[in-house]
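Working notes, beginning with the structure itself.
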Amino acid sequence: MATELRCPDSMPCHNQAVKSASTPSPEPPRPGDLIPDQTGGNSASVAKLTLLAGHAHSSVPAERDPQACGGLSLNSENNGGSGNYDAPASDSLLGDCELSGQIGAQLKLLPMNDQIRELQTIIRDKTASRGDFMFSADRLIRLVVEEGLNQLPYKECMVTTPTGYKYDGVKFEKGNCGVSIMRSGEAMEQGLRDCCRSIRIGKILIQSDEETQRAKVYYAKFPPDIYRRKVLLMYPILSTGNTVIEAVKVLIEHGVQPSVIILLSLFSTPHGAKSIIQEFPEITILTTEVHPVAPTHFGQKYFGTD
């Protein structure tokens, strides 16, 4: 089950080891731990936060301290996962701290483990072959899709086993569909079909206008009764969030409420997730990583156009 990115005022978001006063020698500090000041200063300087950029995906400091949140700049791409390089964005890490406190339950992260971390590493590695890249991307997509389905409503049911035993179980409630944001979102379609063979999938094509550089909708095709369905919106890389925002607006025009939209993503920047939630506070975002740098080459490498 995905974990919610929460940041209560009374609890720091980073992991802090609790040590007994009788411990003779403290363990070596880990990334994200609070490191006590040896000078014995007041409470304002008792703890200094060591924050490594490579661990920003799993540990977001809660305190809005300039030393803790202002030391790193955020980076994202401007083309929604179709560019060649990781590009800088306009936010600072302070935006990431604010994001954790403001979004809460709307942003859900898959629990981090070594398997997911390895898949993320291969996808980000510029030396990875296209075969390894696609294999890892498809595995990560499948994990996100499975968790996305877990966010949909179920209802209780009873079945009879081959031995005649009555088993109390659950089954999906009907009325779900997928919508992919072309082109990179199409990479996630097969993963959804592998889990739901008969699910209907719509498409949206959004590109940046050459003159205004604003996201513009060029094509949209949905199931005719999409306004009655829960929507799994698929887009692997959230950078600025502009493309997703335009896609959600189109869905709203077709009668879909933001509260029934679950956005499935592989990677997100803090700026992208924050922009989407600010525009649509009821939408749910599911991703594997919130990190200052997004792998902007995803779409081109997946489809072999890099």
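Laid out as a table, the results:
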| read-out | value |
| --- | --- |
| Test set (1) open to solvent by 10 Å² or more (accessible area, probe 1.4 Å); (2) under 26 Å from Ile226 (Cα atoms) - Val179 fails condition number | (1) |
| Candidate set: the stretch 108-145, residues that are in contact (Cβ under 8 Å) with a residue 24 or more places away in the chain, open to solvent by 80 Å² or more (accessible area, probe 1.4 Å) and farther than 22 Å from Thr269 by Cβ; chosen: the one nearest to the chain's Cα centre (by Cα) | Arg142 |
| Residue within the stretch 187-195 that is at pLDDT below 95 and more than 18 Å from Leu149 (Cβ to Cβ) present | no |
| Residue match in the stretch 210-232 (condition: at pLDDT 95 or above, closer than 26 Å to Ile123 by Cα and in contact with a Phe, Trp or Tyr (Cβ under 6 Å, 6 or more places away or on another chain)) | no |
| Single condition Gly304 does not satisfy, out of (1) over 16 Å from the mean Cα position of the chain (by Cα); (2) more than 27 Å from Leu119 (Cα to Cα); (3) surrounded by fewer than 16 Cβ atoms within 10 Å (Cβ to Cβ) | (2) |
| Residue list for the stretch 241-257, restricted to those being more than 18 Å from Tyr227 (Cβ to Cβ) and either surrounded by 22 or more Cβ atoms within 10 Å (Cβ to Cβ) or aromatic (Phe, Trp, Tyr) (or both) | Gly241, Thr243, Val244 |
| Flag if Met158 is modelled with pLDDT of 95 or more and over 22 Å from Arg193 (Cβ atoms) | yes |
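Each row is one residue, and each column tells you yes or no for (1) under 16 Å from Ile226 (Cβ atoms); (2) small (Gly, Ala, Ser); (3) part of a helix (DSSP H, G or I); (4) out of contact with any strand residue (DSSP E or B) (no Cβ under 9 Å at 6 or more places or on another chain).
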position: Ser259; (1), (2), (3), (4): yes, yes, yes, no
position: Ile262; (1), (2), (3), (4): yes, no, no, no
position: Lys274; (1), (2), (3), (4): no, no, yes, no
position: Gln278; (1), (2), (3), (4): no, no, yes, yes
position: Glu282; (1), (2), (3), (4): no, no, no, no
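The values are calculated or read from the model by the stated rules, or taken from the named source; none is laboratory data. All values reported here derive from a predicted model rather than from experimental measurement. Quick reminder, even Gly has a Cβ in these numbers, built from the backbone with ideal geometry, and neighbours come from all protein chains shown. Heads up: the accessible areas ignore ligands, DNA and RNA and are worked out on the full protein's heavy atoms, side chains in. Shrake-Rupley method; radii C 1.70, N 1.55, O 1.52, S 1.80 Å.
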